[in-house]
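Where a number appears in this text, it was derived from the coordinates with a stated rule and is not lab data. Not measured: the values here are computed from a predicted model. In this analysis, Cβ positions are derived from the backbone assuming ideal geometry, glycine residues included, and neighbour counts consider all displayed protein chains.
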Ligand code: D41
């Protein structure tokens, strides 16, 4: 029986094991929340966690506030108390252009009386909430929001729940006192997850990750904060005191490395630029990477790297002269909805499009934004004349985020959907269970004809170069063509008669059409524009049936056997090939000379993997995931990106994460490195 009375009865091995569990759990917390790359399945994490809990229940003297088991246990507080920062948390000046940055560098060099270039430390500017954490003798003591920079709110109970905040520093020679500053943010993936959960529960989703992070830190009950996937990324030091003399840190970049050694998360994107021109290159590079980063950033922070130079420069009205944030062009702006147009798509779908007062957002001028369908119009509660927040992030299409209801003018108008098609006058129909309204005109409707032809010519379809939207529009309006097959009857004279089309361009289009005639079966199927049949489905259909004939003859049941084809898609494909007009167009296309190489049917009894579905995760010796995928696909297997009930085999390499856990849960057969090698050898044989 272990005694609960004191340290003396505590076996050294147990103390050692508990310490190991502390650092293991901290490491895996970081892998999970920060890297989004868990190295162990959740079940293994739980095993470590409960092992530590068991030790602590046997030896309560080990249950310190620094234990990873204590992150979620705290009681709610009744009110936030104030915390005076030991050193003020300064604010940051902004730059909005390259010339602002040049001016910043010039000011710095003038003050330093230096003709030499100045070295800058560069890091992303996280779009989160600034916070400060104080450690006493290596143990987390107090955490606070930035507040006004001098006084913030005590959020210790909430910061303790954040997995990336060390409860205890990982070094032998911990400072007596350490004040660490950083930003609390919510990664994009976590934000999407909690918003999905909120919507499922019927709660209101968060507007953006920053609001979600801020709300998470402002909870009285830390159990609520613990459910938010927050990350703390450290970016500077406040007060630091050691028991004995230390070699001082001389630069900001060394400080970031030191913080990382102590167990903090520090931006992996950080870098040092030898001068202001290198800062510009860093800015451009990170701007390129921005959309792919797992978290939101709104600019880059540049800091004079050397501390002695920082001291010489000092600060003005609480902003250091040695640092600046170069902001990316705003991703959200206000504008007004001038009117709403209804566009008719390839399949007759009627999409409301808001025509906006032009506004510069996310680096481009935006004057249109799709309102998608009636549900979206209702969700936004949007009227013509409204002031709206428009957002354009990365390369995604601009979106209306919300309506500023307080700015609604008395002249605003409710949006009414048309009863007849704005392009052809046919009735507009409502399909039960669908939010989208549709024109019933089919190929009578010129808008649908144009869209069908545009789709046919698009890059992933037959890829007819040079045949732009304007040309197609004129060809349809002038009744030269009404379906994709008639494209191949066009001649140079007909094209040259169009507005603003030079002879040279006409000749180019003719030759592009000629080239487009040689294609592949998947591309041809995709080009037909069957509802819900995208590139992947077209590919699956082609490799399942091998010939166009077999697809067009297939029964509904046979179609449903194709991977990723459910009853709805099967119905669309079936209906397409059982409509006389469509069959005629397909026949005309073939007659016009469209051809593709036959898809080889595997011989009976060969080692083909047709109809098998694989998922590949983790890393393998001597072969990349892409190479494995290519080999399996060559043998007819389908290689999917995520594990589902349809998965038959999971190929799991080193560091397989959540996919492995999920596959195990679903009872899917797992192939390890040795099984993979055997499989590949079998395929080669
Ligand atoms: O990522 C950030 N949001 C960030 C904020 C950063 N990477 N560095 C920062 N550095 C500072 C100084 C130069 C004052 C140490 C900051 C901030 N300040 C800051 N955050 C909020 C106000 C100021």
Return the FRET efficiency for the residue pair residue 375, residue 465: r is the Cβ-Cβ distance, R0 is 35 Å, and the value is rounded to the nearest 0.05.
0.40
Give me the distance in nm between label points sitting 7 Å out from Cα along the Cα-to-Cβ direction at residue 578 and residue 42, one decimal.
4.3 nm
Separation in nanometres of the label points that stand 7 Å from Cα toward Cβ, at residue 9 and residue 35:
4.0 nm
Within the stretch 10-30, list the residues whose amide N lies under 15 Å from a label point set 7 Å along Cα→Cβ of residue 170.
19-30
Quick one: angle between helix 580-591 and the longest Cα principal axis of the chain, in degrees between 0 and 90, rounded to 10, please.
90 degrees
Be a star and scan the stretch 164-183 for residues whose amide nitrogen sits under 17 Å from the point 7 Å along the Cα-to-Cβ vector of residue 249.
165-183
On Cα atoms only, tilt of 446-457 relative to the major axis of the chain in degrees
70 degrees
Shape call for the stretch 335-417, from the Cα gyration tensor axes a ≥ b ≥ c (a/c under 1.5 means rounded, otherwise prolate when a/b beats b/c, else oblate), comes out oblate
List the relative contact order of the chain as a percent without decimals, with contacts defined as Cα pairs under 8 Å and 6+ residues apart.
10 percent
Tell me, what does the Kirkwood hydrodynamic radius of the stretch 1-159 come to in angstroms if you use every pair of distinct C-alpha atoms?
20.1 Å
Once you keep just the Cα pairs under 8 angstrom separated by 6 or more residues, what percentage relative contact order results for the stretch 545-660?
23 percent
Helix 625-634 against the longest principal axis of the chain: what's the angle in degrees, Cα atoms only, rounded to the nearest 10?
20 degrees
To the nearest 500 deg cm²/dmol, what mean residue ellipticity at 222 nm is calculated for the chain from DSSP H runs of n ≥ 4 alone, each contributing -39,500 (n - 2.57), summed and divided by the residues?
-10500 deg cm²/dmol
Segment residue 500-residue 285, length gained on full extension (0.36 nm per residue, minus Cα span):
73.5 nm
What is the extension gain from residue 564 to residue 115, computed as 0.36 nm multiplied by their sequence separation minus the C-alpha to C-alpha distance, in nm to one decimal?
155.2 nm
Would you kindly state how much longer the chain becomes between residue 58 and residue 239 on full extension, computed as 0.36 nm times their sequence separation minus their alpha carbon distance, in nm to one decimal?
61.3 nm
What is the spin-label model distance, in nm, from residue 141 to residue 665 if the labels are put 7 Å beyond Cα along the C-beta direction?
4.2 nm
Return, ordered by residue number, the residues of the stretch 447-471 whose backbone nitrogen is under 11 Å from a label point located 7 Å along Cα→Cβ of residue 508.
465-468
Find how many whole Å separate the alpha carbon centroid of the stretch 119-153 from the alpha carbon centroid of the stretch 627-645.
46 Å
Taking r as the C-beta separation of residue 598 and residue 480 and R0 as 41 Å, the FRET efficiency to the nearest 0.05 is 0.75
Take the Cβ-Cβ distance between residue 211 and residue 492 as r, set R0 to 56 Å, and report the resulting FRET efficiency rounded to the nearest 0.05.
0.45
